Amino acid sequence: MNAQEILQTLSDGFASSASVKNVYGDPVTAGARTVIPVAEVRYTFGAGGGSHKDKTESGGGGGGRVTAQPVGALEVTPEGSRFIPFQDPRKFAAAVALGFSVGVLVSALTSKKRVEIVKRP
């Protein structure tokens with residue numbers, strides 16, 4: 001099996017599992033309001049193959065993964081529709097920590113340390 005065949009097999013497998021249900025979950029209805037969960041779905045795959053110089057031995061392989069992360073919800077009411085994003089507090093905390101660290105580093109690199117020599121009588 002060459003690399004092209006491996007990639008085709010992987011692609012066919014992922015294509016059969018890719019559907020709208022992976023991104024949009026089952027709607028939940030309460031009264032006149034319908035909420036549809038929304039996720040970000042990522043497909044990653046790769047493959048490789050090769051053969052020995054004398055073409056007597058060959059090999060190949062491949063693999064992949066699917067990840068899904070909730071990103072928000074779609075709210076549908078008689079008044080209209082709106083997307084409600086989910087905020088990830090870890091991303092916000094990481095951004096604050098990075099900003100603080102960069103500020104401290106810039107401050108340390110740009111500050112001039114003055115050394116004063118005091119003469120005593």
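DSSP loop GluC sites (Glu not before Pro) in segment 18-81 with at most 12 other Cβ atoms within 10 Å of their Cβ, which ones?
On the way: sites: 40, 57, 75, 79; in loops: 57, 79.
For GluC sites (Glu not before Pro) across segment 18-81 that sit outside H, G, I, E and B with at most 12 neighbouring Cβ atoms in 10 Å, the list reads 57, 79.
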Next item on the list: Label segment 3-86 by shape, choosing from rounded, prolate and oblate, from the square roots a ≥ b ≥ c of the eigenvalues of the Cα gyration tensor; if a/c is under 1.5 it is rounded, and otherwise prolate applies when a/b is larger than b/c, oblate when it is not.
Entry: prolate
Margin query: Based only on other Cβ atoms within 10 Å, what is the fewest-to-most ordering of 109, 98?
Written below: 109, 98
Check: Counting other Cβ atoms within 10 Å of each Cβ, which trypsin sites (Lys or Arg not before Pro) in segment 20-121 have at most 13 and sit in a DSSP loop?
Finding: 53, 55, 112, 113, 114, 119
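Every read-out reported here was derived from the displayed coordinates using simple, explicitly stated rules and does not represent laboratory data. Here the structure is a predicted model, which means the values were calculated and not measured. Virtual Cβ from ideal backbone geometry, glycine too; neighbours counted across all protein chains shown.
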